[in-house]
Amino acid sequence: MPTFAIRDAETLERRSSPDRPAVVFKHVSLAFDGKAILRDISFTLLPGHTKIILGASGSGKSTILKLILGLLKPDGGEIWIHGSRVDRMPEAEMMKVRNHLGMVFQEGALFDSLTVGENVGYKLYEETDMPLDDVRRRVEEVLGFVRLSEHIEKMPSELSGGQRRRVAIARAMAFKPPTLLYDEATTGLDPITATTIDEEIVKLRDIENVSSIVVTHQLRDAFFVATHEAIRLGDQIEISPADAKKCDEAEFIMLKDGVLIFEGNAAELRASTDPYVQTFLS
Amino acid sequence: MLGLLIEFSKSAVLAVQEYVQLQVATIRGVFSRPFYFHDVVEQFDAIGIGSLTVVLLTGFFTGAVLALQSGITLDQFGARPFVGRLISASMIKELGPVLTGLMLAGRIGSGIAAELGSMVVTDQINALRALGTDPVRKLVVPRVLAGFFMTPVLTVISDTVGILGGWIVAVYQLGVASSLYWTSITEALYLQDAWMGIIKPFILGYVIVTIGCYVGLGTKGGTQGVGRSTTNAVVAASVAVIAVDYFVTRVLITLLY
């Protein structure tokens, strides 16, 4: 496996200590022009676990991901990423923290002037000292993981919507971040393509031990990710229904108008008596 | 009414503050690492070589029409043989820098605003930041360097083909002797004129590109916003070229003459 050093940062191994929570939100609040977007949000994402953030459009789901990445700063509360407090961190230092985080944007946000291979290897080419041959090998490896090896030389405009999302996943995982954030990764895709994306999320979590935050309003995809696991069988990776212990590692968060109204696993979500949760699930 | 005025003033002050912040970040990006060298080379090609055709055509026809018009005026004083003097002074001191600036405002100002604007609305700028890349260093610094260094080169080329265009009209339409034309050009040129013609494009190139980058990075509102940013960038950069030219000329006249 090729090794590489991310500029101005300690190695990934040292940063992603297994006993430190991947993400911690403590009483986080945010408002734009006097309108509250998030109010007193608190949760913890443990390493290798999954948080699935549900909620209607405009409930503040994607804002949480932008706060984690430091693209927005909260008005109050604390945000911790792998042991570093980031809610007041300057942009230059935030760049180093982002080496812990991979993000899959809603529409993929692929760089349309670069090929698929250049998109996937972007961070390794531009922000690390990794030799070009090793970058190429890593790009081929992650494109193989998302089953898009034959598209390495294509431009993003030549790909379908589902393929673009998978390339976005490959780009986010190429530099092996310990935490991945998915912003509506399956929205607008047909159920079959959406399932392939869900499988990639499960594979990354279980095979690569990546902590995940999945923002979605697609219940079908949310429950698929929460109730399935990936198991390596020789050269093959099999996706199958998860046991109860594994299911407990995926927790749901339900947002309503910027307020956290539910936190618990899939079984607890289904059993919730909250009227809003019940309406959302129906 | 007063409320609207206060809001307008606030947004104007905020815009100036953000523009200055972008300048500071850009200048810091020029002198510190990481420095994206291949993006700089790419932008030198896109802004420099890519603008060559429009600058050549503009310069040539400006010189040609200047010869035609000034020929008629100079005839009234029996001074047609001095047409070269007028063309060289006008092209090198004023028309070369300003017209090249205006052409670049239209071509690269709009291109930069549209490119960065579409990157903003498709989340590519956020993706860059998420991947640990500072968009100012990656996108703004290479464009500013290319604009700053290539605009003077393009201006010199524009001046040269303008004088050539004037020569063709002077010799073949006005019947001025070729040797007289070239002699009058060199006779009328002073070192201060050359300095003025070469200093101004550095500043104009910088202004055009930074306005394009600022407007592009501030794009809001989807594809409609990209269109609005493109128009705003061209208008603002064109006005800035004329205005900055006036103020820089005033300063240079004080310093050089």
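The values are calculated or read from the model by the stated rules, or taken from the named source; none is laboratory data. Please read these numbers as outputs of a predicted model, since none were measured by experiment. We place every Cβ from the backbone using ideal geometry, glycine too, and count neighbours over all the protein chains shown. All accessible areas refer to the heavy atoms of the entire protein, side chains included, with ligands and DNA or RNA removed. Shrake-Rupley method; radii C 1.70, N 1.55, O 1.52, S 1.80 Å.
Yes/no matrix, rows are residues, columns are (1) within 29 Å of residue B:44 (Cα to Cα); (2) under 23 Å from the mean Cα position of the chain (by Cα):
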site: B:69; (1), (2): no, no
site: B:73; (1), (2): no, no
site: B:84; (1), (2): no, no
site: B:89; (1), (2): yes, yes
site: B:94; (1), (2): yes, yes
site: B:100; (1), (2): yes, yes
site: B:116; (1), (2): yes, yes
site: B:120; (1), (2): yes, no
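Quick one: in the stretch A:188-201, which of the residues that are under 22 Å from residue A:49 (Cβ atoms) and out of contact with any helix residue (DSSP H, G or I) (no Cβ under 6 Å at 6 or more places or on another chain) is least open to solvent (accessible area, probe 1.4 Å)? Among residues in the stretch A:188-201 that are under 22 Å from residue A:49 (Cβ atoms) and out of contact with any helix residue (DSSP H, G or I) (no Cβ under 6 Å at 6 or more places or on another chain), the one least open to solvent (accessible area, probe 1.4 Å) is A:195.
Every residue in the stretch B:172-204 that is under 28 Å from residue B:75 (Cα atoms) and either among the basic types (Lys, Arg) or outside any helix (DSSP H, G or I) (or both), please. B:173, B:174, B:175, B:176, B:177, B:189, B:190 - these are the residues of the stretch B:172-204 that are under 28 Å from residue B:75 (Cα atoms) and either among the basic types (Lys, Arg) or outside any helix (DSSP H, G or I) (or both). Selection of the stretch A:45-63 for residues being open to solvent by less than 10 Å² (accessible area, probe 1.4 Å) and either over 13 Å from the mean Cα position of the chain (by Cα) or within 14 Å of chain B (Cβ to nearest Cβ) (or both) yields A:54, A:55, A:59, A:60. Checking each residue of the stretch A:218-228 against the condition of being charged (D, E, K, R) and crowded, with 22+ Cβ neighbours inside 10 Å gives at least one match. Sort out which residues of the stretch A:229-244 are open to solvent by less than 40 Å² (accessible area, probe 1.4 Å) and under 14 Å from residue A:146 (Cβ atoms), and write them in order of number. Correct list: A:230 only.
Could you please tell me which pairs satisfy a Cβ distance under 8 Å, a separation of 6+ or placement on different chains, a first residue in the stretch B:1-20 that is in a helix (DSSP H, G or I), and a second residue that is of a type in the set (Val, Ile, Thr)? Going by the 8 Å Cβ cut-off, the qualifying pairs are B:19/B:210. Scanning the stretch A:68-97 for residues that are over 13 Å from the mean Cα position of the chain (by Cα) and either more than 14 Å from chain B (Cβ to nearest Cβ) or within 25 Å of residue A:259 (Cα to Cα) (or both) yields a count of 20.
Taken over the stretch B:185-197, the criterion of being crowded, with 21+ Cβ neighbours inside 10 Å and modelled with pLDDT under 90 is satisfied by B:185 alone.
Note on the stretch B:26-40: residues that are in a helix (DSSP H, G or I), open to solvent by 30 Å² or more (accessible area, probe 1.4 Å) and touching a residue at least 40 places away in the same chain (Cβ under 8 Å) amount to 1. Taking the stretch B:57-171 and the helices (runs of 4 or more DSSP H) fully enclosed by it, the elements with 1 or more residues that are touching a residue at least 60 places away in the same chain (Cβ under 8 Å), open to solvent by less than 10 Å² (accessible area, probe 1.4 Å) and within 14 Å of chain A (Cβ to nearest Cβ) are at B:110-121. The residues in the stretch B:220-241 that are over 14 Å from residue B:22 (Cβ atoms), open to solvent by less than 90 Å² (accessible area, probe 1.4 Å) and either in contact (Cβ under 8 Å) with a residue 12 or more places away in the chain or more than 16 Å from the chain's Cα centre (by Cα) (or both) can be counted, and the count is 14. Residue pairs whose Cβ atoms lie under 7 Å apart, separated by 6 or more positions or on different chains, with the first residue in the stretch A:50-79 and within 14 Å of residue A:40 (Cα to Cα) and touching a residue at least 12 places away in the same chain (Cβ under 8 Å) and the second open to solvent by 10 Å² or more (accessible area, probe 1.4 Å) and of a type in the set (A, V, I, L, M, F, W, C), are A:60/A:37; A:63/A:37; A:63/A:72; A:75/A:31. Picking from residues in the stretch A:98-122 that are touching a strand residue (DSSP E or B) at 6+ places or on another chain (Cβ under 6 Å) and within 9 Å of chain B (Cβ to nearest Cβ), the one that is farthest from residue A:163 (Cα to Cα) is A:99.
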